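Step one of this worksheet: look at the structure below.
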Amino acid sequence: MTDRVINWYKYASPQTFYPLAGKLIPWFWALAALFGIAGLTIGFLIAPTDAQQGEGYRIIFLHVPASWLSMFIYLVMAFWAGIGLAFNIRLSGMMASALAPTGALFAFLSLWTGALWGKPMWGTWWVWDARLTSELILLFLYIGFIALQAAIDDPRRADKAGAILALVGVVNIPIIYFSVKWWNTLHQGASVSLTKAPSMAAMMLWGMLLCALACWMYSIAIALMRVRTIMLERERHTDWVRALLSGNGHDTSRHP
Amino acid sequence: MLRAVIGRDLRLAMRRQADIVAAMFFFIIVVSLFPLGVGPEPDQLRRMAPGVLWVAALLATMLSLPRLFADDHRDGTLEQLTLAPQPLGVIVLGKVIAHWLVAGLPLVVLAPVLGIQFDLSSDALLVLTVSLLIGTPALSGIGAIGAALTLGVRGGGVLLSLLVLPLYIPVLIFGAGAVDATLSGLGPQAHLSLLGALALGGVFFAPWPTAAALRVALE
């Protein structure tokens, strides 16, 4: 038990986490490829054609995973940000900033694939449905987080300010979601219902879950790659980064 | 302490009345632009009025947010305030209340006059005023978080709107919704109650993350 605790602390330092992340990344890429191939095979070749929506529904295999992950990544990001704020761990802040672009990407993908799906099914690119609107607001929250961190030069301050914003955002997400939902039911005109058919073919569900796993593994892999870059950038004055980079002939000593 | 902070901020604001008046005219101009943009049909204007007035109120409140802490930050007062024995959150609460008195209350007073331009009924005007009265404190509270986070950051003004506007959405929905509900005969009670909950949450919880953000900014 105590060994485990010590291990966790050991990898909280960028110097030890950097090689660990480097070792883990290929595995997550492999898992992402594996799940992705399996999920897409099931999704495009095995899953039956939908009775109502024909072949067009197959965009679900990207749309739903993207929506899930866009929400899940915000929670993970806020979690790391909170840990970083509470225990003053540099790595946590770096993880939060590494996750934000991926989360924003998934929120955008979810909106985009939703529009592509909505056009043939409902005849419109966009409806002011509660889910669409809250996904859009989630994208705004990601953009705000990224913009705030980008505007602050001092990385420690950027981490902490971003952490406060992420935590405020997490508290607000349920409030925003329910307010949008009530707003929507009040304004519901001749709009379409997003509620899907209650029963979903088992194969569709499997394809969707596998694709979600693929997106998840991809997110971990890409976030680890990004966090490695952030570590090098922020720790460029330290000995271990210099030792690491000296092989490449980089001279980082002149930077302030 | 609370009263001292409020009094001080009000006195400072009164010495620069042009700022308050400018924000009020910004509100008036934005609201007046909409009929010019969409046409003068009274039916259409009446339907749009709650949303237009509320969106304009959000923008006008935001206009004065960057100054909430910036002046005190520049002359070092803010650092002295963090050294006070009282919790920083209480001081922030005082500044939020002062900001509302200076930036929010004038909008509440102006709104019914502007509502007449949109041909709102007297019931709807009353609800509009009440909803702004309840809702604008939440705007000041939530906005304070954004103001503290962007304190001394380059491009602070634009960034502030990026951070704060998404968080304002629930206030906008329930504020404009209350007036909408009156117009459609549903009664505004539910919306006003939720708005009140948001305002209480915004005014009494927001000062704490704001205080944390100020400490980060002052490090």
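Going by how many other Cβ atoms sit within 10 Å of their own, how do B:Arg11, B:Arg67 line up, fewest first?
B:Arg11, B:Arg67
At 7 Å along Cα-to-Cβ for each site, give me the label-to-label distance between B:Leu33 and B:Met14 in nm.
Label at B:Leu33, label at B:Met14, 3.3 nm between them.
What average count of beta carbons from other chains do you get within 10 Å of the Cβ of residues in B:150-159?
Mean shielding by partner chains, rounded to a whole number: 3.
Can you give the extra length, in nm with one decimal, that the chain gains between B:Gln117 and B:Glu79 once fully stretched, where that is 0.36 nm per residue apart less the Cα-Cα distance?
9.1 nm
Counting every Cα pair in chain A, what percent are over 24 Å apart?
57
Please give, to one decimal in nm, the separation of the simple spin-label points placed at B:Phe205 and A:Trp112, each 7 Å out from Cα toward the Cβ.
3.4
Once all Cα-Cα distances of region B:55-151 are split into 5 Å bins that start at 0, what whole-number percent is in each one?
2, 13, 22, 20, 15, 10, 8, 5, 3, 2, 0
Determine, at each q value in 0.12, 0.17, 0.21 (inverse angstroms), the log₁₀ of I(q)/I(0) that the Debye formula gives when each Cα of region B:1-96 is one equal point scatterer.
One equal scatterer on each Cα of region B:1-96 leads to -0.54, -0.81, -1.03.
For A:Lys119, which lysines qualify as cross-link partners when the Cα separation must be under 20 Å and same-chain residues fewer than eight apart are set aside?
A:Lys196
Among the helices of chain A (complete DSSP H runs), which have Cα atoms covering no less than 27 Å along the helix axis and a Kyte-Doolittle mean of at least 1.6?
Going by DSSP H runs, the hits are A:60-87.
With 10 angstrom as the radius, rank B:Asp123, B:Asp180 by how many other C-beta atoms surround their C-beta, starting from the fewest.
Sorted ascending by nearby Cβ count, the order is B:Asp123, B:Asp180.
Tell me, what is the FRET efficiency for A:Ile46 and A:Trp126 to the nearest 0.05, using R0 = 35 angstrom and their Cβ-Cβ distance as r?
Given R0 = 35 Å and the Cβ-Cβ separation, E is 0.65.
Work out the length of the dipole vector of chain A about its Cα centre, built from +1 on the beta-carbon of each Lys and Arg and -1 on the beta-carbon of each Asp and Glu, and round it to the nearest 20 debye.
So the magnitude is around 320 debye.
What FRET efficiency would be calculated for the residue pair A:Phe178, A:Gln53, taking the C-beta separation as r and a Förster radius of 25 Å, to the nearest 0.05?
Calculated transfer efficiency: 0.30.
Please express the Cα-Cα pair-distance distribution P(r) of region A:38-148 as a list of whole percents, one per 10 Å bin, running from 0 to the bin with the greatest distance.
Per 10 Å bin, starting at 0, the Cα pair percentages come out as 14, 36, 28, 15, 6, 0.
Span-like helices, chain B: DSSP H, alpha-carbon axial extent 27 Å or more, mean Kyte-Doolittle -1.0 or greater, which ones?
B:17-38, B:42-63, B:122-149, B:156-183
Students often forget the sequence filter, so: which aspartates and glutamates lie under 19 Å Cα-Cα from A:Lys10 once same-chain residues fewer than 8 apart are removed?
A:Glu235, A:Asp239
Gaussian network model of chain A, Cα springs within a sub-10 Å range: biggest mean-square fluctuation belongs to which of A:Arg226, A:Arg234, A:Arg242?
A:Arg242
Can you compute the modelled spin-label distance between A:Ser246 and B:Leu186, with each label point 7 Å from Cα toward Cβ, in nm?
7.0
Looking at the protein assembly as shown, what % of the alpha carbon pairs are farther apart than 27 Å?
Result for the distance tail: 62 percent.
Could you work out how much longer the chain between A:Leu205 and A:Gln15 gets when fully extended? Use 0.36 nm per residue separation minus the Cα distance between them, nm to one decimal.
64.3 nm
Put +1 on the Cβ of every Lys and Arg and -1 on every Asp and Glu Cβ in the protein assembly as shown; which of B:Ser131, A:Ala104, B:Pro106 then has its Cα farthest towards the positive end of the dipole?
Checked the options; the winner is A:Ala104.
Give me the compactness ratio for region B:2-218, meaning the Cα radius of gyration over 2.2 N^0.38 Å.
Dividing the Cα radius of gyration by 2.2 N^0.38 Å gives 1.03.
If Lys and Arg each add +1 and Asp and Glu each add -1, what is the summed charge of the other residues whose beta carbon sits under 12 Å from the beta carbon of B:Phe118?
Cβ neighbours under 12 Å give a net charge of -1.
Can you sort A:Phe28, B:Phe205 by how many other beta carbons sit within 10 Å, fewest first?
Lowest count first: B:Phe205, A:Phe28.
Where a number appears in this text, it was derived from the coordinates with a stated rule and is not lab data. What you see is a predicted model, and the numbers here were worked out from it, not measured in a lab. For neighbour counting, all protein chains shown are included, and Cβ atoms are generated from backbone atoms with ideal geometry for every residue, glycine included.
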